[in-house]
Amino acid sequence: MDTKGNSQQIIYTDWVLNETQFEPNQLHSRESVFTIGNGYVGTRGSFEEGYPRASSATLIHGVYDSVPIVYTELANCPDWLPLAVIVDGDRFRMDRGDILSYERQLDLRRGVLSRRVQWRSPSGKTIELYFERFASMADEHVLGIRCQLTPLDFDGEIEVQSSINGYPENQGFNHWEFLEQGKKDQGIWLNLRTRSSRIELSIAAGMTISGAEAKLQVSNAPGYPSQTTTFLATSGNTVTVDKIVTVFTSVEESEPVKAAQTKLAQLPDYSALLNAHEQAWNQVWDRSDIVIEGDTKAQLAVRYNLFQLLIAAARHNDKVSIPAKTLSGFGYRGHIFWDTEIFILPFFIYTQPELARNLLTYRYHTINGARRKAAHYGYKGAMYSWESADTGDEVTPRWALPNDPYAEDVRIWCRDREIHISADIVYAIWYYWQATNDDEWMRDYGAEIILDTAVFWISRVEWDTKQERYEIRDVIGADEYHEQVDNNAFTNRIVQWHLEKAIYVYDWLESKFPDKVTELKQKLHITAERRSRWQDIATNIWIPYDSSTGLVEQCEGFFQLKDINLEEYEPRTRSIQAIIGIEEGNKRQVLKQPDVLMLLYLMRQSQDFPYNKEVLQKNWDYYAPRTDITYGSSLGPAIHAILAADLNLTAQAYKHFMQAAMVDLEDVRGNAADGIHGASAGGIWQAVIFGFAGIQIADNKPVANPHLPPGWKSLSFKLHWRGKWHEFDLHSMHGAGGAEEQGSREVGEQTISFSTSPSLTNSQTPPAEIRGFIFDLDGVLTDTAEYHYRAWQRLADEEGLPFNREANEALRGVSRRASLLLIIGNHRQYSEEQIQEMMERKNRYYVDSIENISASDLLPGALNLLDELRQAGIKIALGSASKNARTVIEKLGIADRMDAIADGYSVENPKPAPDLFLFAAKELGLEPAQCLVVEDAASGVEAALAGGMWAVGLGTESRVGAAHVVLPSLEGVHWEDIKAKLNDAAKQQH
């Protein structure tokens with residue numbers, strides 16, 4: 001099944017993200033969206049031939065370099081993409097000539113990005129170009145590009161130039177010094193070194209041509225080595241150009257030049273490399289995939305977010321971690337936050353624990369940076385940096401520039417005050433250990449982190465002699481709108497939890513590994529007195545919780561701050577902090593992201609204080625309305641989705657889930673250009689598994705308590721727990737008696753759970769409760785049937801197929817493909833390729849003919865009814881099989897009256913299948929029985945009834961008589977009239 005994105009330029013299928021139109025104003029955000037990688041390298045979705053103002057980037061784990069005075073960042077590495085195509089002197093570019101057709105696809109299953117373009121050069125020559133690229137999951141040092149060139153209307157000379165661009169920039173700054181370059185029998189190579197960190201990088205590339213006689217030439221412009229070939233191409237014949245690239249750095253190889261050259265010389269051809277890459281992805285998906293039946297958009301979005309996590313996780317390097325923007329953009333400079341441990345890591349813990357182990361070991365390798373930070377602030381032990389890079393030292397910028405050129409610089413306090421990250425890391429370590437029983441890693445790595453950060457807390461907490469309690473003052477909690485608070489509940493409780501676990505691990509080491517505990521006692525200066533102090537702090541630290549109300553106060557004095565009603569600021573496209581200012585935000589009860597609710601989520605897995613359902617409900621009711629969930633932080637929606645699912649607020653849970661799921665795909669926050677929201681991607685996995693599937697650990701194994709969203713027929717996935725795989729297959733189906741039924745059964749080492757829920761029927765929903773109208777287009781709102789008829793007639797005449805107006809009547813409400821097959825009948829055999837071409841030709845004729853449609857082409861009564869419904873608060877959707885429906889309603893001037901559009905791109909199965917109308921209902925946020933369909937075709941009425949909806953048929957009884965109500969047209973029709981007729985129909989049903 002296909003569904004189309006809000007932008008109407010993206011089509012979602014189960015595995016493939018398909019962009020059908022290139023929009024230059026979305027250049028940078030789409031570069032992020034179409035990022036590929038393999039856990040070693042990430043490359044943004046820039047075009048091989050280049051584009052003005054492109055923000056191309058290739059980022060490699062661990063290749064950090066310093067910008068003078070300001071910060072450390074991941075260095076943009078040499079660009080391996082450049083592949084120029086010159087057609088009889090005209091260079092192919094998306095901003096030159098004419099784009100006749102365009103399609104870009106990211107195949108998530110295969111890890112392949114492709115693009116197909118039909119281009120007419122300025123001199124009038126038409127050529128089809130097909131590009132595909134991959135970053136090998138089978139060998140992380142190998143990259144590949146294939147370009148296939150097919151002249152469509154000319155014979156002529158084509159030149160192809162394959163290059164390595166050694167002048168990459170990080171938004172204006174070049175991190176690289178040129179060392180050397182050259183050529184070998186297999187191709188070209190380039191060697192560079194970062195200016196500050198002195199990391200060498202070597203990249204080699206080779207090019208092969210098939211389908212034409214061609215020779216290769218090498219040009220060695222400094223820092224830009226190239227291979228060039230020129231050949232004669234003939235119309236209709238395809239020439240294939242393959243570019244294979246290898247890349248190594250001195251981080252993993254002492255002689256990266258030799259490594260890159262040797263690897264390139266040993267590689268098989270492109271097809272063999274691609275096959276190995278695809279096989280490797282099959283293995284990855286076998287452990288990681290989540291299958292959702294009944295919601296194509298959610299299915300694609302989940303797989304897309306998992307894909308972005310999978311290509312960001314290092315497979316062979318435990319000295320790096322996943323940056324907040326993964327390896328997909330310049331946002332946050334490639335720095336590591338708590339995002340990795342709290343939001344991203346659970347996905348890897350339960351699907352690929354060896355990668356989770358790598359990510360956690362990064363924190364061990366950078367613990368000396370945490371110790372240096374603690375010493376700088378006058379504390380003991382290890383104090384992890386809010387933002388870290390290769391050494392673990394603090395790299396959070398101290399100042400940020402304001403938007404107003406005359407305003408003061410903005411101080412960034414997170415580096416000084418957002419200290420909960422040290423306990424967040426311990427939280428991740430603990431749950432990795434629980435899920436894997438990896439005692440060896442805990443002994444050798446994890447224990448030292450847990451204990452030395454516990455030493456830090458001894459020096460950071462304060463004793464209040466008056467209140468006789470421990471406190472933590474001057475902090476920033478998870479909610480970053482309040483920058484200098486005392487006794488933040490999230491921080492205090494997670495520190496308490498941390499110290500409790502430190503005591504447990506210390507005692508475990510004494511029991512199991514006495515030599516190790518002796519070593520750590522000496523290294524970390526842990527004495528009996530310090531262990532006793534941990535217990536004292538854990539027992540006496542203050543948590544601002546009121547048992548009489550069940551409310552946890554976010555921080556000391558929070559309830560005394562001025563309240564806020566976020567609805568008063570709607571509609572908006574900016575964060576509340578951007579609207580009211582930083583200082584005012586500090587004075588209000590408004591949150592950037594969950595804080596108390598985040599605490600409850602973290603305590604939820606172990607059911608620890610203060611988590612229980614009653615406390616969750618009371619704190620949800622208080623804090624959720626005060627959280628800037630739309631534009632505050634991308635970390636919030638997934639957590640709200642999980643907690644809403646816990647509270648059986650399934651509609652709210654799904655809304656927040658989709659808000660998180662589409663944050664990059666549809667650029668929900670307007671900042672996808674900076675890179676993928678890695679924490680949100682991890683939160684999506686947690687929302688599905690811990691939220692909708694309701695996974696909890698019980699009886700030492702994962703158990704499901706599902707809350708599947710409406711429309712999800714099933715949900716299946718795997719989880720790894722203590723050496724065993726558990727398979728879940730959760731189902732939603734119609735149950736008896738209107739009560740929800742849930743159960744589970746085990747098969748060997750596999751756990752299979754299921755959930756069933758009731759359905760609604762028309763008889764249960766009286767017409768008075770109809771909340772949505774779904775209008776067909778042709779014959780209902782306008783009459784484009786004549787345009788369709790003329791387009792089909794022209795095509796039939798060209799093909800010599802019999803067709804007339806009487807035959808055209810059978811095409812009412814039928815999809816384009818089904819219509820064509822009806823016209824062809826048994827008259828002639830066509831290949832699939834010919835059928836596709838004929839469909840495109842017919843559509844071209846139709847589109848040309850509707851160019852002059854306007855509001856005057858609305859059918860009588862249509863506009864009045866639309867306006868009347870909107871005034872009555874009825875939601876309105878378009879449900880048309882036409883793939884040009886959006887264009888038509890825009891020309892008719894009624895696009896602004898539509899709350900949702902379901903068109904030929906939205907679903908796979910055409911009418912009379914109910915899929916199109918069910919999709920429209922879901923987009924409206926309504927149950928099918930709350931919707932009424934207005935149709936003029938028998939197949940459309942059948943589809944509405946099959947979907948459990950009310951139906952109004954326009955036309956004759958012989959054609960649409962199966963509808964609940966039949967009207968000649970919409971002229972003079974009012975909502976009250978329709979309602980009265982439906983009431984009569986309902987009475988007749990009973």
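The values are calculated or read from the model by the stated rules, or taken from the named source; none is laboratory data. Since this is a predicted model, take the numbers as computed values, not measurements. Methodologically, a virtual Cβ is constructed for each residue, glycine included, from the backbone with ideal geometry; neighbour enumeration extends over all protein chains shown. When the accessible area is computed, the model is the full protein with side chains, heavy atoms only, and any ligands, DNA or RNA have been set aside. Shrake-Rupley method; radii C 1.70, N 1.55, O 1.52, S 1.80 Å.
One table, with the values for the structure above:
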quantity: Theoretical gain in end-to-end length, D563 to N237 [0.36 nm per residue, Cα-Cα removed]; calculated: 110.4 nm
quantity: Rounded if a/c under 1.5, otherwise prolate or oblate - the range 565-694, Cα gyration tensor axes; calculated: oblate
quantity: FRET efficiency estimate (nearest 0.05) - Cβ-Cβ, D621 to A872, R0 30 angstrom; calculated: 0.45
quantity: Global form of the chain, assessed from the alpha-carbon gyration tensor, a/c cut-off 1.5; calculated: oblate
quantity: Helix-only [θ]222 nm of the chain, DSSP H runs n ≥ 4, -39500 (n - 2.57) each, per residue, nearest 500; calculated: -10000 deg cm²/dmol
quantity: Rg/Rh (Cα only; Kirkwood hydrodynamic radius) as it applies to the range 903-942; calculated: 0.94
quantity: Listed peptides 606-614, 479-487, 221-229 by packing density, highest first (mean Cβ within 10 Å); calculated: 479-487, 221-229, 606-614
quantity: Sulfur and carbon atoms: percent of accessible area, the range 452-520 [1.4 Å]; calculated: 39 percent
quantity: Shape call, the range 261-375: gyration tensor on alpha carbons, a/c limit 1.5; calculated: oblate
quantity: Exceeding the 28 Å Cα-Cα cut-off - candidates K325/K618; K466/K613; K297/K911; calculated: K325/K618; K466/K613
quantity: Point-charge dipole on Cβ atoms (K/R +1, D/E -1) for the chain, about Cα centre, debye to 20; calculated: 1260 debye
quantity: Cubic angstrom per residue, convex hull over Cα atoms of the range 38-100; calculated: 120 Å³
quantity: DSSP-assigned coil residues among trypsin sites (Lys or Arg not before Pro) in the range 324-408, each with at most 16 further Cβ atoms within 10 Å; calculated: R398
quantity: Sparse-neighbour loop sites [GluC sites (Glu not before Pro); the range 401-469; at most 15 other C-beta within 10 Å; DSSP]; calculated: E408, E468
quantity: Segment Q266-Q607, length gained on full extension (0.36 nm per residue, minus Cα span); calculated: 117.3 nm
quantity: The range 1-105 - percent of accessible surface contributed by carbon and sulfur, probe 1.4 Å; calculated: 44 percent
quantity: Percent carbon-and-sulfur accessible area, the range 177-285, ignoring ligands, DNA and RNA, probe 1.4 Å; calculated: 45 percent
quantity: Exposure ranking of V410, V475 by accessible area [1.4 Å probe, largest first]; calculated: V410, V475
quantity: Solvent-accessible area per residue, Å², over the chain with all protein chains present [probe radius 1.4 Å]; calculated: 39 Å²
quantity: Sorted largest first, extent of the range 84-150 alpha carbons per principal axis (Å); calculated: 43, 20, 19
